[in-house]
Amino acid sequence: MRNVVRVLTGIAVPVLAAGVITAGSPGFGAYTVKSGDTLSHIANRYGTSVRTLVTLNKLPGNGNAIYAGEVLKLPGATKAAPKSRTAAKTPGKRSQLRMSRYVVKPGDTISKIAKRFRCSQANLLAANRMRASDRIFAGKSLRVPVKLKATAPKKSTRKKTKNNTFAGRTYADHIVAQADRNRATLKKRKHPTRAQMRTLIVATAKRYGVDPELALAVSWQESGWKQRVVSPANAIGAMQVIPSTGRFSSGIVGRDLDLLKAQDNVTAGVVLLDRLTGAAKLDIAVAGYYQGLGGVRRNGMYPDTKLYVKSVLRLKGQFEKGWNPLK
């Protein structure tokens, strides 16, 4: 569900963004999202594309977060989902979300409602296709994503296969294996909270002369300010940086950056933003973080790149107005 960034010399960096599923309507097929589904898997299963699903369902950002139990519009009639022998299995317990209805009461705020139902403000806003600046009023009905009790997955005798496909792109086994190792390493470590990551991103951006709100927007789009995130493309951490990008940034700062460490990860991403914004206008620089500056200049922005840029700049504007998705 993440998209890929080709940075400067072909370096690839994936991104992560939040999204919401909209209900189906007459004239389209409908698919109920299941635990473990990704937008790329659904697109492949029904012979369509991630971009088509994002556009058809008007998913904010790049539509990278979908919720079990929600319904997607599909182009054409819905067919029974084919059984896949290579479908990726998620070990451990599965957490699912269901949408509940809540009627706003006097004195309610998005923050209070999110806290009451133990969901994030970002997910609550996304579930209702709202912006942080939108107002709520007593009597308004809201969709609230409620986490269901995790259930243990059924054991399977089928041989598990690696999920090498990501946003419609397939990565080599050795890259996915390295990503798995990095993910396992990060899982064992204690990481800064998202609030601490926010402070770290702002401080690092100021140190390198990068707009703090831009750095916050890119990192929120990429990972939701989470250091433990690793994609199948082996993009690591809060800024979703792959090793080759880390080496590029290391050469600029004059020391080896360990992408598994929060400070070094943020430094690598911020240094890259500094170089991109110094070489191009803001929208082109943001597109370069996603598609690669050379690729943007040669081919223009791809459709998914345009969505990425729009989402990052929208987030940047919200941060400039004081929005904090953690409250």
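Each Lys and Arg Cβ is given +1 and each Asp and Glu Cβ -1; about its Cα centre, region 97-147 then shows a dipole of about 140 debye. If you sort Glu70, Glu213, Glu320 by accessible surface, 1.4 Å probe, largest first, the order is Glu320, Glu213, Glu70.
Can you sort Arg314, Arg118 by 1.4 Å-probe accessible area, starting with the largest?
On the way: Arg314 90, Arg118 220 Å².
Order by accessible area, largest first: Arg118, Arg314.
Pairs with C-alpha atoms separated by more than 23 Å, drawn from the list Lys226/Lys261; Lys112/Lys140; Lys112/Lys321; Lys34/Lys310; Lys281/Lys306, are Lys34/Lys310.
Treating only the Cβ atoms of Lys and Arg (+1) and Asp and Glu (-1) as charged, compute the dipole magnitude of region 244-327 about its Cα centre; round to the nearest 20 debye. Can you show the working numbers first?
Details: 13 positive and 7 negative charges, 61 e Å.
Computed charge dipole of region 244-327: roughly 300 debye.
Annotation: extensible slack from Lys140 through Val103 equals 12.8 nm (criterion: 0.36 nm per residue apart, minus Cα-Cα distance). Working note: Karplus 6.51/-1.76/1.60 with θ = phi - 60° gives region 126-140 the couplings 5, 4, 10, 6, 10, 9, 4, 7, 5, 9, 10, 9, 4, x, 6 Hz, where Gly and Pro are set to x. Taking every protein chain into account, the accessible area of region 97-147 amounts to 62 square angstrom per residue (probe 1.4 Å).
Evaluating 6.51 cos²θ - 1.76 cosθ + 1.60 at θ = phi - 60° for every residue in region 275-280, the Karplus couplings come out as 5, 5, 5, x, 9, 8 Hz, glycine and proline recorded as x.
Quantify, in whole percent, the carbon and sulfur part of the accessible surface of region 182-241 (1.4 Å probe; protein heavy atoms only).
Details: 1240 of 2410 Å².
Answer for region 182-241: carbon and sulfur cover 51 percent of the accessible area.
Modelled label positions at Asn44 and Arg314, each set 7 Å beyond Cα in the direction of Cβ, lie 2.8 nm from each other. Spin-label model, Arg131/Ser244: points 7 Å from Cα along the beta carbon direction are separated by 3.7 nm.
In nm, what is the difference between 0.36 nm times the number of residues separating Ala184 and Ile252 and their Cα-Cα distance? Before the final figure, lay out each step's value.
Values: separation 68, 0.36 × 68 = 24.48 nm, distance 2.86 nm.
Result: 21.6 nm gained on full extension.
Can you figure out the FRET efficiency of Arg116 with Thr193, using R₀ = 22 Å and their beta-carbon distance, to the nearest 0.05? Intermediate results must be reported in sequence, preceding the final value.
Values: r = 21 Å, r/R0 = 0.95.
Using R0 = 22 Å, I get an efficiency of 0.60.
Between Tyr302 and Asp173, the FRET efficiency from the beta-carbon distance, with R0 = 22 Å, is close to 0.25.
The values are calculated or read from the model by the stated rules, or taken from the named source; none is laboratory data. Quick caveat, the model's predicted, so the values are computed rather than measured. Because the Cβ atoms are built from the backbone with ideal geometry, glycine has one as well, and the counts that use them run over all protein chains shown. When the accessible area is computed, the model is the full protein with side chains, heavy atoms only, and any ligands, DNA or RNA have been set aside. Shrake-Rupley method; radii C 1.70, N 1.55, O 1.52, S 1.80 Å.
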